[in-house]
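Laboratory data are not the source of any read-out in this text; all were calculated from the coordinates shown. All of these numbers come straight from a predicted model, not from anything done at the bench. Cβ coordinates were reconstructed from backbone atoms using ideal geometry, including for glycine residues, and neighbour counts include every protein chain displayed.
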Amino acid sequence: MDNQTISPRQFMFLVILFSVGSSILIVPTPLAANAKQDAWISISISVAIGLLLVVLYNHIATLMKGQTFVQATIAVFGNWFGRVLLFFYLSFLYILASLVLRNIGDFMTTQIIPETPLQFTHILFLIVVIWGAYLGLEAIGRSSEMFMPWVVLLVFFFTITLSPQIKMENLQPVLGNGIVPVVDTSTFVIGTPLLEMVTFLMIIPYVKDGKTKKRAWILGTFIGGAILTLITLLCILILGSDLTALNTYPSYKLAQKINIAGFLEGLEIIIAIIWMITIFFKMVVLYYSTTVGIAQFLTMEDHRPLLLPLGMGMVVLSIIAYPDVAYFETFINETWFPFAITHGLIIPLIVWIGLLFKSKKQNKTQQEPS
Amino acid sequence: MYMNIYLKAITLAVCLLLLAGCWNSKELDDLGIVVAVGIDKTEDDQFLLVTQVINPSEIATDAPTTRPPVSIYETTGDSIFEAFRNMTEKSPRKMYLSQLRVLVIGNRLAEEGILPSLDIFYRDHEFRTAFFVTIAKDTGVKDLLKVLTPYEKIPANKLMHSMESVQKSLGSSKGIVIDELIAQILSKGQNPVLPGLLIEGDAEIGTAIENIEKIDAPTQLRVDHLAVMKEDRVIGWLTPDESKGLNYITGDMESTTVSYPCDSEGLVSVEVLRTDSSSKAKFEDRTPSISIELDLEGNVGELNCPIDLTKAESIETINGDVEKKVKQKMEAAIKAAQEDFGSDIFGFGSLIQRKNPDYWKTVEKDWNSHFKELKVEIQVKAQIRRKGNSTQPITIEE
Amino acid sequence: MLEVSEKRHFTHHLYESIKEANLPIGEMSEVEDKQDLLKKLLSGETILLLDKQTKALSASTKGWRDRGVQETTSESVIRGPKEAFTETIRTNTALLRRKIKDPNLRVEAKTIGRKTCTDIAVVYLEGTAEKEVLDQVKERLNQIDIDAVLESGYIEEFIQDAQYSPFPTVYNSEKPDAIAGGILEGRVAILIDGTPNVLLVPALFVNFMQSSEDYYQRADIGTLVRLLRLFCFSVALFMPSLYIAFTTFHQEMIPPPLLISLASQREGVPFPAFVEALMMELTFEVLREAGVRLPKPVGSAVSIVGALVLGQSAVQAGLVSPAMVIVVAITAISSFVFPAYNMAISIRILRFPLMILAATFGLFGIILGMIAMVFHLCSLQSFGKPYMAPLAPMIGKDQKDVLIRLPHWGLLSRPSFFTKSDQKRVDSKSKER
Amino acid sequence: MWSMISIIVLALGIFLLEFPKLYKKNRKKEAWFFTIFLLSFTIISVLESLEVELPNPLDLIQTFYKMIGF
């Protein structure tokens, strides 16, 4: 769009914040409900699979040769079929963004400001997200550098202050229910956030320096996955799998248990801050890539005019997306994984094959004359 | 130019939001800070709810008046939530529950099962998890919460502090916070115990401010021993010695005393400084058994019988006697749990589950009856390290 | 005929010799235009007109009362030079020259202002200052067409990058050592006649958190003071809004004994915490403004009124709670910590929207406000340099003089975000003993 | 009622904010897309504020994946 670039390190930070954001809220509960005390093994398995996924994405990114996913798809499949694929891809991003918005809204209205109407929370949050997306990728990348140390510091502080309450026996017996539920549950984390990383195919062309950016994506996924594993592990070690499964937001409950010298209590705000920052970055990345994608889809020169109108739609969508929390839980448990795999794996695979053919053809045409 | 418009738009939006109101804000002086809640069932099967609300200006003041530092409100309702809302009819302020210290459960409710009534305390966002759950022993919850306490202005704080100090230095009771309690009730391999509270003296006198104007307050609150639960129902009470035994086994004993009469006349009292207990599940031919090892470290606290402490053997004898004494208490606790109550309050089931999950699945359903048959071995190792300031007992040479 | 031309020839000869050698005055210049001549005359120069000559000579004999170099009033220091710039641009350039005796120090003169014809000097170190920055400065200065320039603020508003930002992107100081330090880092100073405030560009966020005194005190002290300033920055910005958010939204996060005491203090206060805070903050701002404007002898009256009426009587009358007075006082003191006055002003401004956000959404609002602010900061630029550098984008090797300050022997190179050439500052051998 | 008015005022504000710039720069296509998006989402928002039942895309997705057997 406007020739803004970010450095590989900033890209890595964005990947970390993206993978932690909102997942840190919703992941531990269903994991502990299904895999019990082995939830952390599930996460580790899915992070390992996620790394493979990122290798695929990286490969696609190389074949795109500096184009975004939208531009590359149109270039490969032409205006008609390419646009059909992209319609699904972009609607996936849009729906994902509004679900993430709803997540933070739900959290705020259940835990922190229960009497505030949901839509106002969404509007305020989205205004700031639009502000971020308006300022462009450069500002997003730099801000991630400003916030990353704080997130790391807070996670560190969180772990240290909770470590006296760890009960190792909560982890036993390891694989007590067999490996099946553990592997079964790992699909959950693959669905959110790992398959959602397909978003970065819109960002990666704007990353400077082709070599280290691949490593940055993989490393970012790994670190983000490690933070998720750490938080889930802490939930199980301290609350136990039963209570983790019982809580809507177990990591928040966990933070309530911090007690330093009997005076410093009520530090749950720490986890709330981590959430808000990480979810904010997830939202900004999603929103930015959605609007840039839609702008490129419509061959517009600038994505900025779309920011505000699309925001209006997103507030409505995030409100009507699910009537109650139970609906969301069944959706995220049953439908999300196939939905994410269609858009996060199958569509990229189709584009990948197309790109492969195209580059082969180009190689041939380049070789023949010489 | 662009930026300016955006800034204006944001300011405008913020102003609009401000006009729309501060939905959630509540000023500090509109809050009735609840420090203790009592729940029970009334005779017509309704929930009884008693709250103890503090009166901040009475507590943080330089010039005390005659108004009491706390007030009590009592309502009933079909559910606890409803009872909380009914409270607005009586109280001028909104009940604010985040500072809750103690939840007192009445007798009647405790015998019926407490799990359904605990739900709101875990679900509602206002409750934090760091409050103790207790049982009112032999008194109504309202009478209990009405007693004014000397020295500590807020009775709920007094209850919390005495529960903590009983656990820290006596070990005949222990505090349990709500999420531990729920986790233990849900766990099939462990049943919880709850500390009891009772009134000493006349309940009526305790409510008046005169109670705390006397040096020797006639009515006082006391933390008593532990109530044994089976799932979520109270089925009986442990004696002080059994309570101590329980704490020894579960490793919750921080510090206590062990005293016993010595051979001739007088008593030996040992101050237990720290204990370290480790329980393990063992399997022999698919029959589980539990072995408990307890390491105990202590000082000679008080000695009024003729023992020559300079000799190494006499310390050895004290060690042996303490071991015997502690082991008795632990055995008493196990015996009570196995024979009188049939309730696994030690978490032995969880130990077995961790050791052998396959076996556990076969006994999980009726664990409590298997528990009665469970063999438990106890090993106690005591070590008296110091003998205090005096080298010998103070006696008159004959 | 011949006589006349001889005469003319003679006067021309005379003119030449006066111009070349005979008058012991520096800065002689020729004037041909009548308009020009008038301008020079009016700006205090002596005009020498010779008969039958089309050119006039103008000698720079400007002279005026000036204040003389005095101690700085707005940026006082404990250790370090106490002199300040004056209103006279010649004195100011001399002050800078005295500090930097490098032949590469360039002073480029300019005049801006159709009516005032104010002298402006662009001072930089040739070879150290980056050419792009320099070109931008000159270009932006050349674009200015205004009738009058009375103070550096006029120029600042024309050349700053972000026109609508509460944060300053041009640094100003009245201390020659601070400006000289900036020039040595490769930055460009702009001196304006008639004001002791000298501009320095590019200016980054961290520059406003630093004071020249950091370099005169020992490194450990300098570091601690810098961290303290950063702490005060957040206190001055967030304290009132956090107080509002905690007391009206998140009471569960206040430690219980404190909550009880706060609640008892609020008993009987008629306003909501937000209005209370707004009132007190406004009153304080009024007091501060009054303190600056009032003649010195009356100044003490203001402080008495401020201390007694606001601190004591307002609390006793039950209009505000004592805790709020403490919060406002801490905020006020923290905002005085900054060496840069214009940054302190922007914090004062930003405090109010944050308070509004806190009163509507609690901590959620504050954090969103903070995120929006950081995004804005990260999007700012100052003469092509990212405003938040070297924090974002992170430049590892420049970290040794940002939040912490290494000892001088450790600061081997100049900060790379201002200049790429002439990096060497300290020879690494100079610490070897 | 009030929410509907504020939505329309908001949409009008967004229109006045963005449209003149696009018009000045003579970006016809972008101005069109912008207007279409804004108009349609304003209508949707107004309908939502009037509590009209709007079709939920998540329902659609759910039924689709149920159909193919997930």
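Given the C-alpha centroids of the range C:90-163 and the range D:1-58, what is the distance between them in whole angstrom?
Going from one Cα centre to the other spans 48 Å.
Among the listed pairs C:138/C:420; A:36/B:381; A:257/B:335; C:101/C:385, which have their C-alpha atoms separated by more than 30 angstrom in this model?
A:36/B:381; A:257/B:335
Taking only C-alpha pairs under 8 Å that are 6+ residues apart, what is the relative contact order of chain B in percent?
It comes to 13 percent, rounded to a whole number.
So which helices of chain D fit the span-like rule, where a helix is a whole DSSP H run, its Cα atoms reach 20 Å or more along the axis, and its mean Kyte-Doolittle is at least -0.5?
D:2-24, D:28-49
Given a cut-off of 25 Å, name the pairs among B:168/B:327; A:213/A:282; A:65/A:213; B:137/B:327 whose C-alpha atoms lie farther apart than that in the structure shown.
In this structure, B:137/B:327 lie more than 25 Å apart at Cα.
List the lysines whose Cα lies under 18 Å from the Cα of residue D:21, skipping any in the same chain that are fewer than 8 positions away.
Counting by Cα, and skipping residues close in sequence, residue D:21 has these lysines nearby: B:8, D:29.
Placing +1 on the Cβ of each Lys and Arg and -1 on the Cβ of each Asp and Glu in the protein assembly as shown, which of C:233, B:371, B:50 has its Cα farthest towards the positive end of the resulting dipole?
The listed residue farthest towards the positive side: C:233.
Hey, which aspartates and glutamates would be in cross-link range of residue B:372, C-alpha to C-alpha under 15 Å, not counting anything within fewer than 8 residues on its own chain?
Once the sequence-local aspartates and glutamates are set aside, what remains near residue B:372 is B:331, B:339, B:340, B:344, B:364.
Could you work out which residue, out of B:315, B:154, B:185, moves most in a Gaussian network model of chain B, that is, has the largest mean-square fluctuation with Cα springs under 10 Å?
Judging by the Gaussian network model, the answer is B:315.
Expressed in nm to one decimal, what extension gain is obtained for the pair residue C:82 and residue C:416 from 0.36 nm per residue of sequence separation less their Cα-Cα distance? Present the calculation step by step, with values, prior to reporting the outcome.
Values: separation 334, 0.36 × 334 = 120.24 nm, distance 2.91 nm.
Length difference between fully extended and current span is 117.3 nm.
How far is helix A:118-135 tilted off the main Cα axis of chain A, in degrees rounded to 10, range 0 to 90?
With both axes taken from Cα atoms, the answer is about 40 degrees.
Give me the net charge for the shell around residue D:67: Cβ to Cβ below 14 angstrom, other residues only, Lys and Arg +1, Asp and Glu -1.
Once positives and negatives cancel, what remains is -1.
How far, in degrees from 0 to 90, does helix C:89-99 lean away from the longest principal axis of the Cα atoms of chain C, to the nearest 10?
Relative to chain C, helix C:89-99 is tipped by roughly 80 degrees.
Computed on alpha carbon atoms, what radius of gyration and Dmax characterise the range B:134-186, expressed in Å?
Here Rg and the maximum Cα pair distance are 12.8, 38 Å.
Could you state the number of Å between the C-alpha centres of the range A:225-242 and the range C:11-81?
79
If Lys and Arg each add +1 and Asp and Glu each add -1, what is the summed charge of the other residues whose beta carbon sits under 15 Å from the beta carbon of residue A:281?
It works out to a net charge of 0.
Extending each Cα 7 Å along its Cβ direction at residue C:408 and residue B:78, get the distance between those two points in nm, one decimal.
8.3
Along Cα→Cβ, 7 Å out, is where each label goes; now give me the distance between the ones at residue B:46 and residue B:161 in nm to one decimal.
Reported label-point gap for residue B:46 and residue B:161 is 3.7 nm.
Would you please give the FRET efficiency between residue C:126 and residue A:356, computed as 1/(1 + (r/R0)^6) with r the Cβ-Cβ distance and R0 = 56 Å, to the nearest 0.05?
It comes out at approximately 0.50.
So how tilted is helix C:341-361 from the main axis of chain C? Cα-based, degrees 0 to 90, rounded to 10.
With both axes taken from Cα atoms, the answer is about 30 degrees.
For chain D, what does the relative contact order come out to in percent, with C-alpha contacts under 8 Å and a separation of six or more?
39
What does the charge count around residue B:287 come to, taking other residues whose C-beta lies under 10 Å from its C-beta (Lys +1, Arg +1, Asp -1, Glu -1)?
In short, 0.
Contour minus end-to-end for residue A:209 and residue A:156, with contour as 0.36 nm per residue of separation and end-to-end as the Cα-Cα distance?
So the extension gain works out to 16.0 nm.
What FRET efficiency, computed as 1/(1 + (r/R0)^6) with R0 = 22 Å and r the Cβ-Cβ distance, is obtained for residue A:183 and residue B:358, rounded to the nearest 0.05? Don't skip to the end; give the middle numbers.
Values: r = 20 Å, r/R0 = 0.89.
Working from the Cβ atoms, E equals 0.65.
Given the options A:127, A:58, A:114, identify the residue whose Cα lies farthest towards the positive end of the charge dipole of the range A:1-159 (+1 on Cβ of Lys, Arg; -1 on Cβ of Asp, Glu).
Value computed over the given set: A:58.
Tell me the label-point distance for the pair residue C:381, residue B:65, using the 7 Å Cα-to-Cβ offset, in nm and rounded to one decimal.
With each label point 7 Å from Cα toward Cβ, the separation is 6.6 nm.
Give the residues of the range B:164-189 whose amide nitrogen is closer than 19 Å to a point set 7 Å from the Cα of residue B:328 in the direction of its Cβ.
Taking a point 7 Å out along Cα→Cβ of residue B:328, the residues of the range B:164-189 whose backbone N falls under 19 Å are B:171-172.
Would you mind telling me which residue in C:115, C:131, C:385 has the biggest mean-square fluctuation in a Gaussian network model of chain C, where springs connect alpha carbons within a distance under 10 angstrom?
Maximum fluctuation in the GNM of chain C, among the listed residues, is at C:115.
With charges set only on the Cβ (+1 for Lys and Arg, -1 for Asp and Glu), what does the dipole of chain B come to about its Cα centre, in debye to the nearest 20? Before the final figure, lay out the partial values.
Numbers: 45 positive and 63 negative charges, 283 e Å.
Value, rounded to 20: 1360 debye.
Mind checking which lysines have their C-alpha under 16 Å from residue B:214, skipping anything on the same chain fewer than 8 residues away?
Partners within reach: B:153.
So for the range B:281-398: antiparallel DSSP bridges make up what percent, rounded to the nearest 5?
So the antiparallel bridges in the range B:281-398 amount to around 25 percent.
Take every Cα pair under 8 Å in chain C that's 6+ residues apart, average their separations, divide by the length, and report that relative contact order as a whole percent.
The value is 16 percent.
Given charges of +1 on the Cβ of Lys and Arg and -1 on the Cβ of Asp and Glu, with all other atoms neutral, how large is the dipole of the range C:89-203 about its Cα centre, in debye to the nearest 20?
Result for the range C:89-203 is approximately 460 debye, rounded to the nearest 20.
Taking the DSSP beta bridges in chain B as the whole, what percent of them are antiparallel, to the nearest 5? Mind dumping the intermediate values first?
Values: 49 of 73 bridges.
If we restrict to bridges inside chain B, about 65 percent are antiparallel.
Mind jotting down the distance between the C-alpha centroids of the range A:51-80 and the range C:245-261, whole Å?
Their Cα centres are 52 Å away from one another.
In the protein assembly as shown, what % of DSSP beta bridges are antiparallel (nearest 5)?
The antiparallel proportion sits near 75 percent.
Using +1 at the Cβ of each Lys and Arg and -1 at the Cβ of each Asp and Glu in chain C, identify which of C:312, C:412, C:251 lies farthest towards the dipole's positive end.
Working it through, the farthest residue towards the positive pole turns out to be C:412.
Mind checking the full-extension length gain between residue B:263 and residue B:383? Use 0.36 nm per residue of separation minus the Cα-Cα distance, one decimal, nm.
Taking residue B:263 through residue B:383 to full extension adds about 41.2 nm, to one decimal.
Based on the Cα atoms of the protein assembly as shown, what semi-axes does the equivalent ellipsoid have, where each is the square root of 5 times one gyration tensor eigenvalue, given in whole Å with the largest first? Don't jump to the answer; show the numbers that get you there.
Numbers: eigenvalues 937, 342, 198 Å².
The answer is 68, 41, 31 Å, longest axis first.
Determine, for C:275, C:137, the number of other Cβ atoms within 10 Å of each Cβ, and report the residues in order from fewest to most. Kindly include the intermediate steps, with their values, before the conclusion.
Values: C:275 14, C:137 23.
Fewest-to-most ranking of C:275, C:137: C:275, C:137.
Take the cross-link list C:131/C:431; B:41/B:146; C:19/C:62; B:174/B:355; B:280/B:311 and give me the ones stretching past 24 Å between alpha-carbons.
C:131/C:431; B:174/B:355; B:280/B:311
Which value, in debye to the nearest 20, gives the size of the charge dipole of the range A:11-169 about its Cα centre, when Lys and Arg are +1 and Asp and Glu are -1 at the Cβ?
Around 320 debye, computed over the range A:11-169.
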